[in-house]
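Accompanying notes for the structure given below.
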Amino acid sequence: VNKEISDHSENSIKQKIIRLLRDSREPLSGEVLSRKLSVSRVAVWKHIQKLKELGYRIFSQAQGYSMEESEDFLYPWEFQEYSDRIHFFFETESTMKVARKLAESGCPHGTVVVAEKQTHGRGRLKRIWLSDKGGLYFTCIIKRSEQMSYSWQYSFAASLVVAKIFREQYNLPAVIKWPNDVLIEFDPSEYRKIAGILSDIQIESEYISYLNLGIGINVNNKPGLKTAVSMKELLGRPVSRRDLLYSFLRDFENTTAHPDRQKLLSEWRSYCMVLNKNVRVEIPGRVYQGIAVDVDEEGALIIQTDNQGEQRILFGDCFLS
Ligand code: BTN
């Protein structure tokens with residue numbers, strides 16, 4: 001538990017070994033690898049032993065080393081330009097907990113914590129998030145000094161990026177349910193949840209000091225709940241969590257590097273399945289009923305209620321009614 005792989009200087013050698021083995025049609029000898037990587041043959045051998053222990057199918061024959069593609073790994077060196085910022089865990093309580101510690105101890109903007117499995121995965125509104133092996137569980141640490149009222153744009157960007165990837169890369173009919181659930185539309189009255197987003201924010205005098213966005217996606221795991229579904233169940237085949245996370249990191253960075261709030265919001269609205277529908281919104285101790293008319297510049301849901309006029313709701317659970 002909590003065993004982390006993050007020695008980034010060593011990781012870059014592993015990244016190079018894997019790339020060389022993947023790109024080569026012939027086996028590569030220890031000598032060739034050691035020359036190409038400028039490390040000793042003993043070092044090459046040690047890295048290869050470690051990679052084998054981690055599950056890579058590397059074979060050593062008289063002509064040298066060769067590799068067969070195998071599992072879907074989430075080790076840092078699998079993420080090219082992002083590898084230095086990834087902290088990988090086989091198992092941890094919650095990536096939110098690790099991310100908070102990292103954020104408090106001065107990690108750079110863009111750090112990502114990923115785990116194969118969480119023992120105490122957390123959901124919104126103090127719920128638990130079952131985190132069995134096969135799902136994708138990660139937290140992105142955002143350190144941009146911006147006014148706290150703009151924090152919504154990061155979680156909106158995250159749900160939009162996830163939903164877009166589902167539609168564009170996997171041809172899955174994804175929509176967003178305010179505030180940030182990603183659902184799959186089975187028909188206009190049946191939706192099942194495929195991904196959820198949780199944010200943990202630290203504010204200092206109205207400005208964001210860090211914002212940790214935790215994202216859980218049902219990929220190859222069995223979600224357990226009837227109201228949820230996984231990509232594997234929908235597509236009938238396992239999906240590479242590595243490719244999914246890589247696409248997310250790339251698209252999320254592009255969307256948030258120079259945020260255009262108007263564009264983000266209008267795109268987000270076009271994915272949002274509650275707008276112009278009759279909804280019930282539950283917040284602790286209160287329920288609103290009415291038509292969801294808009295989502296405003298601060299991410300709040302505006303509903304035209306039956307008897308309390310227009311209401312602006314900043315957080316809660318929203319259901320079609
Ligand atoms: C929700 O829909 O309630 C939000 C779920 C968020 C789950 C993710 S999994 C990675 C990160 N670590 C956690 O403990 N929770 C978030």
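So, counting K/R as plus one and D/E as minus one, what does the shell of residues with Cβ under 12 Å around Glu310 add up to? Computed value for this residue: -2. Our coupling estimate for region 245-257, obtained by passing each phi through the Karplus curve with A = 6.51, B = -1.76, C = 1.60 and θ = phi - 60°, is 5, 4, 4, 4, 4, 5, 6, 5, 5, 4, 6, 9, 4 Hz, Gly and Pro reported as x. Oblate is the label for region 185-321, because the ratio a/c of its alpha-carbon gyration tensor axes (a ≥ b ≥ c) is 1.5 or higher and a/b is not greater than b/c.
Could you provide, to the nearest whole Å², the per residue accessible area of region 77-231 with probe 1.4 Å? The partial results should precede the final answer.
Numbers: 6580 Å² over 155 residues.
Result: 42 Å² per residue.
Label region 257-309 by shape, choosing from rounded, prolate and oblate, from the square roots a ≥ b ≥ c of the eigenvalues of the Cα gyration tensor; if a/c is under 1.5 it is rounded, and otherwise prolate applies when a/b is larger than b/c, oblate when it is not. Write down the numbers at each step before the final one.
On the way: a/c = 2.71, a/b = 2.08, b/c = 1.31.
Prolate is the answer for region 257-309, as a/c is 1.5 or above and a/b outweighs b/c.
Rounded to the nearest 20, the size of the Cβ-charge dipole of the chain about its Cα centre is 880 debye, with Lys and Arg at +1 and Asp and Glu at -1. Helix 41-53 and the longest principal axis of the Cα set of the chain meet at an angle near 40°. Basic side chains Lys and Arg get +1 at the Cβ, acidic Asp and Glu get -1 at the Cβ, and with that the dipole of region 188-321 about its Cα centre reaches some 860 debye.
Using C-alpha pairs below 8 Å separated by at least 6 residues, the relative contact order for the chain is 13 percent. On a per residue basis, region 252-321 carries 55 Å² of accessible surface, using protein heavy atoms and a 1.4 Å probe.
The C-alpha atoms of the chain define a longest principal axis, and helix 152-170 lies at about 60 degrees to it.
Ligands, DNA and RNA left out, the accessible area of region 1-132 computed with a 1.4 Å probe is 49% carbon and sulfur. Summing charges over neighbours of Ile201, with a neighbour being any other residue whose Cβ is under 14 Å away from its Cβ, gives -2 when K and R count +1 and D and E count -1.
Shape class for region 51-179, computed from the alpha carbon gyration tensor (a ≥ b ≥ c): prolate, with a/c not under 1.5 and a/b above b/c. When only the Cβ of Lys, Arg, Asp and Glu is charged (+1, +1, -1, -1), the dipole of region 95-156 relative to its Cα centre reaches about 220 debye. Along the axis of the charge dipole computed for the chain (Cβ charges of +1 for Lys and Arg, -1 for Asp and Glu, origin at the Cα centre), the listed residues Pro223, Gln15, Cys318 are led at the positive end by Gln15.
Count Lys and Arg as plus one, Asp and Glu as minus one, and take only other residues whose Cβ is under 15 Å from that of Ile165; the net charge is then 0.
Rounded to the nearest 500, what is the chain's calculated 222 nm mean residue ellipticity when only DSSP H runs of at least 4 contribute -39500 (n - 2.57) each, over all residues?
On the way: 8 runs with 99 residues, N = 321.
Using -39500 (n - 2.57) per qualifying helix, the result is -9500 deg cm²/dmol.
Among Asn180, Asn220, Asn276, the largest mean-square fluctuation in a Gaussian network model of the chain (Cα springs under 10 Å) belongs to Asn276.
In whole percent, and with a 1.4 Å probe on the protein chains, what portion of the accessible area of region 191-321 is carbon and sulfur? Let's see the in-between values first.
On the way: 3120 of 6510 Å².
Carbon and sulfur atoms account for 48 percent of the accessible area of region 191-321.
Taking a point 7 Å from the Cα of Arg19 along the Cα-to-Cβ direction, the residues of region 44-62 with backbone N closer than 19 Å to it are 44-45, 47-48, 51. Annotation: amide H of Thr111 within the under-5 Å range of Ile141, sequence separation 5 or more or interchain, hydrogens built in the peptide plane. Taking every protein chain into account, the 1.4 Å probe leaves Val287 with about 80 Å² of accessible area, to the nearest ten. Given an 8 Å cut-off on Cα distances and at least 6 residues of separation, report the relative contact order of region 58-112 as a percent. It comes to 24 percent, rounded to a whole number.
The values are calculated or read from the model by the stated rules, or taken from the named source; none is laboratory data. On a predicted model such as this, the values are computed, not experimentally measured, just so you know. As a convention, Cβ positions derive from the backbone with ideal geometry for all residues, glycine included, and neighbour counts pool all protein chains shown. When the accessible area is computed, the model is the full protein with side chains, heavy atoms only, and any ligands, DNA or RNA have been set aside. Shrake-Rupley method; radii C 1.70, N 1.55, O 1.52, S 1.80 Å.
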